[in-house]
1. Of Leu228, Leu234, Leu263, Leu176, which residue is buried (at least 24 other Cβ atoms within 10 Å of the Cβ) and not polar (S, T, N, Q)?
2. Which one is surrounded by the most Cβ atoms within 10 Å (Cβ to Cβ), of the residues in the stretch 194-217 that are over 20 Å from Ala130 (Cβ atoms) and either under 12 Å from the mean Cα position of the chain (by Cα) or at pLDDT below 90 (or both)?
3. Could you figure out which of (1) touching a residue at least 24 places away in the same chain (Cβ under 8 Å); (2) in the same structural domain as Trp270 (by TED's automatic domain parsing) isn't true of Arg230?
4. Say we look at the stretch 280-297 and pick out the residues that are β-branched (Val, Ile, Thr) and touching a residue at least 60 places away in the same chain (Cβ under 8 Å); which of these is nearest to Asp268 (Cα to Cα)?
5. Residues of the stretch 49-66 being surrounded by 13 or more Cβ atoms within 10 Å (Cβ to Cβ) and of a type outside the set (D, E, K, R), which ones?
6. Which residue, of Val242, Val191, is at pLDDT 95 or above and either part of a helix (DSSP H, G or I) or farther than 17 Å from Thr290 by Cα (or both)?
7. I'm checking my understanding of the structure. Among residues of the stretch 316-341 that are at pLDDT below 90 and in contact with a Lys or Arg (Cβ under 8 Å, 6 or more places away or on another chain), which one is nearest to Ser285 (Cα to Cα)?
Amino acid sequence: MNYVDLVVGLGRELRRAGVDAGPEQTRTLVRALALLDPLDREQVRAASRACCCTSPAQVQVHDRVFDAFFRAGPGHPGATTVLEQAPGSPDGRSGDDGTDPGMRSPASASRTERLSRTDLARPGPEREAALALVDVLRLSPPVRRSARRSRASRGGVDRRRSARALLRAGGEPSPLHHRRRRPRPRRIVVVVDVSGSMHRHHDLALRLARRLVREPGPCEAFTAGTRLTRVTGLLRGPWPTVRARIGRQVPDLAGGTRLGDALADLVDDWGRRGPLRGAVVVVVSDGWETGSTARLARQAARLHRLAHRFIWVNPRAGREQFRPDTAGMRAVAPFLDHLVGGPTVAHLQEALDAIGAARLPVRAQQVRRA
């Protein structure tokens, strides 16, 4: 069970107890948890209080339901590996030692740190818990300036509104009105290599793509092996359903690697007048190529010209012994804005930070490539 399903279940229990945890409050709590440590029970408690309690009288009821929900056994919807009770007193709050209940638990912090450094390519008891953290990675969605303008406290002078205000004042001096361009979300396009050489990294790459697709901004997702397959709609559901549907509907899963052909189809079909222009393009691949590396280099150059940012996430990078010596990586390296590793959740957070670095400040006149 992922943390979104968990929050929905918690909201259901709170409503039954009389707390105002409606759909809007639940959505706000989901967004808040994406910015917090989901393994810290007290952070989750504080966020839930702030989002769901509308009066001081509801706080006590909220805490009672919250503690009962997370103390439940394995058969209860509250049982999960993503959110867990912090060690300490039985109800997860501070005991008689005078510690602040809002402080982060050291044990919870150390577990989060350990999971974020877990190598996701190696099977182990903590791999699933670490993969679940991908769903709550922080992302500042990239934005761009639109042609529309809105009222602002500073910026360019809105001549029409200022002139109307002057007429209403009978010609007497009046404050100037300002306006500025309204920011809009910038599209993200993510391509996941599902070839045989990436078989140990499929779950990690697909969960990263699913994290981007579930962001409120516009996003398109594709898989690339021997062909290009659009999977945007497939990635919107619960993870077990997504994994099963990908296995059935992506015909080249764990097959050959022809990235040059797949990227050529992407640029030809979704290029100049499509979502690629001005987008943040993210390719998750180890760079192994069985086709023509010259063709791969040409398509990487086309993507570099079309996209606002071209980011490559290599799950094999980030290790000390890694060298980008494969023919595919050497072919695309001159055209990349960022090359990011991806063997752990911490590396994936760096990839999302690189995507968020494509944000365009509201008053910026231009953005140079990194």
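The values are calculated or read from the model by the stated rules, or taken from the named source; none is laboratory data. These numbers come from a predicted model, not from an experiment. Note that we place each Cβ from the backbone using ideal geometry, even for glycine, and neighbour counts take in every protein chain shown.
1. After ruling out the rest, the residue left standing is Leu263.
2. Here the residue is Val213.
3. (1)
4. Val281
5. Within the stretch 49-66, Cys51, Cys52, Cys53, Gln58, Val59, Val61, His62, Val65, Phe66 meet the criteria.
6. Val191
7. Residue satisfying both the conditions and the ranking: Gly341.
Yes/no matrix, rows are residues, columns are (1) assigned to a helix (DSSP H, G or I); (2) among the aromatic types (Phe, Trp, Tyr); (3) assigned by TED's automatic domain parsing to the domain that holds Val345; (4) touching a His at 6+ places or on another chain (Cβ under 8 Å):
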{"residue": "Arg248", "(1), (2), (3), (4)": "yes, no, yes, no"}
{"residue": "Pro251", "(1), (2), (3), (4)": "no, no, yes, no"}
{"residue": "Gly260", "(1), (2), (3), (4)": "yes, no, yes, no"}
{"residue": "Pro275", "(1), (2), (3), (4)": "no, no, yes, no"}
{"residue": "Gly278", "(1), (2), (3), (4)": "no, no, yes, yes"}
{"residue": "Arg295", "(1), (2), (3), (4)": "yes, no, yes, no"}
{"residue": "Leu303", "(1), (2), (3), (4)": "yes, no, yes, no"}
{"residue": "Ile311", "(1), (2), (3), (4)": "no, no, yes, yes"}
{"residue": "Pro334", "(1), (2), (3), (4)": "yes, no, yes, no"}
